[in-house]
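Before any comments, here is the structure.
Laboratory data are not the source of any read-out in this text; all were calculated from the coordinates shown. This structure is a prediction, so every number in the text was calculated from the model and none was measured. In this analysis, Cβ positions are derived from the backbone assuming ideal geometry, glycine residues included, and neighbour counts consider all displayed protein chains.
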Amino acid sequence: MNTLETLEYFFVPPEKTNAKCSFGDFPTKITFQDSDAILYGIPLDITTTFGKGTSLGPEAIRVTSAKQIESFLLDENEEIFEKVKIYDIGDLVLVNMKDNNKYEKLLKNNLKMISNIIKINSLIRKEKKIPIILGGEHTISYFSIQSIAHENPIIIHFDAHRDMKPIYDKKKICHTTPFFHLIDEGHIEGKNIIQIGIRQSDKEENEFAINNGVNTYTGLDIHKNLHHITKEIGKLTNNRNIYITFDIDVYDICYVPCTGTPEPFGLNPFQILEILKSINKTALLIGIDMVEVAMKNSDYREGTLATQTLYRIFSNLVTKLNL
């Protein structure tokens, strides 16, 4: 059994997902062998505790990328599908609510399913390709970052929240806890995490981040002194492998009408673009996840914003792919 056959076991093909299409629907069809990056969705919405809708994130991104958004970036004067070859393998198979009436059993079974991310990403990296994950709640980053931790990356974490609680709502592994456990279990050192756009935290999370040397740039910091921060990010990412975990709620509340925990005083798309451009030219991209994207009442604005953000990540970092 080759790598593609092994991977396909875990997935529903993109044309059989709710989106019924592949990411981007690019005119040039890419094979697994010819690809630079392998994209897949994880429509998980189990541990979210305020607004729901993250299970529709992969669908929203696929539909907008395939049916609304043109892949030529006017501001960059380049065509995305000519810059990076992306193979969409589909959505990770999860346990459906209809199959389990008890929440505890549903959560346990789905955590077991998403733990396969470690094996999936390891296979993708073994093929010298970049895993790109469409979420889904932020819980998935706990497993995804574990899978690439041995490559000693610096984690660039865009988010309104620290996600560093040891436990929340009686759950150890959930959407508010991944970065606490990644540090606490020794997968990643705090000094190798850059948190961008933070503006909500409890006291214990904040102390944990400070005590572990996490590099933090709050929303207010960025509004006050973006130029200084971009210079620091350039230094921190010099000659480093980088993994980007992008929670859509890093954007200000006015840009994200569907995500479950929107916050005011956030960033705008132009600030995000400047930060992406500041990543050092010597950095090597080894993985991405785009999480907490949601959809309500056929509102595709977040899918659009997520797609355009991913395109700018590809545009600015594609020459840094670790291939």
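For K129, what charge total do you get from the other residues with a beta carbon under 10 Å from its beta carbon, if Lys and Arg give +1 and Asp and Glu give -1?
Around K129, the surrounding residues sum to +2.
Let's see if you can work this out: charge +1 on each Lys and Arg Cβ, -1 on each Asp and Glu Cβ, no other charges. What is the dipole magnitude of region 190-323 about its Cα centre, in debye to the nearest 20?
Using Cβ point charges on Lys, Arg, Asp and Glu, region 190-323 gives about 740 debye.
Summing +1 for each Lys or Arg and -1 for each Asp or Glu, what net charge is found among the other residues whose Cβ lies under 12 Å from the Cβ of A37?
+1
Let me have the relative contact order for the chain, percent, based on Cα pairs under 8 Å that are six or more residues apart.
22
Applying a 10 Å radius around every beta-carbon, put 191-199, 278-286 in order of their mean neighbour count, most first.
Numbers: 191-199: 23.4, 278-286: 19.1.
Going from most to least packed, we get 191-199, 278-286.
If you find the alpha carbon centre of region 1-23 and of region 134-209, how far apart are they in angstrom?
That distance is 28 Å.
Taking only DSSP H segments of four or more residues, each worth -39500 (n - 2.57), what value at 222 nm results for the chain once the sum is divided by all its residues, to the nearest 500 deg cm²/dmol?
My calculation for the chain gives -10500 deg cm²/dmol from helical runs alone.
For a quick check: with amide H placed at 1.01 Å from N, whose amide H comes under 5 Å from G41's, ignoring anything fewer than 5 positions away on the same chain?
Those qualifying (amide H under 5 Å, at least 5 residues apart or on another chain) are G90, D91, L92, L134.
Taking 0.36 nm per residue of sequence separation and subtracting the Cα-Cα distance, how much length would be gained by fully extending the chain between E8 and M113, in nm to one decimal?
Working it through step by step, the gained length comes to 36.4 nm.
Could you check what % of the DSSP bridge pairs in the chain are antiparallel, to the nearest 5?
Working: 5 of 43 bridges.
So the antiparallel bridges amount to about 10 percent of the total.
For a quick protection proxy, order the peptides 28-36, 46-54 by their average other-Cβ count within 10 Å, most packed first.
46-54, 28-36
Convert each backbone phi in region 167-174 into a coupling constant with the Karplus relation 6.51 cos²θ - 1.76 cosθ + 1.60 (shift: θ = phi - 60°), then list the ³J(HN,Hα) values in order as whole Hz, x for Gly and Pro.
7, 8, 6, 6, 10, 6, 9, 7
Take peptides 67-74, 20-27, 237-244 and line them up by average Cβ neighbours within 10 Å, highest first, as a rough protection proxy.
Descending mean neighbour count gives 237-244, 20-27, 67-74.
Going Cα to Cα from K281, which lysines come in below 17 Å? Please leave out same-chain ones fewer than 8 positions away.
Partners found: K83, K231, K235, K320.
Once you charge only the Cβ atoms, +1 for Lys and Arg and -1 for Asp and Glu, what is the size of the charge dipole of the chain about its Cα centre, to the nearest 20 debye?
It works out to roughly 480 debye.
Pull out the extension gain between D184 and L74, defined as 0.36 nm times the separation in residues minus the alpha carbon to alpha carbon distance; nm, one decimal.
On the way: separation 110, 0.36 × 110 = 39.60 nm, distance 4.33 nm.
Taking 0.36 nm per residue and subtracting the Cα distance, the gain is 35.3 nm.
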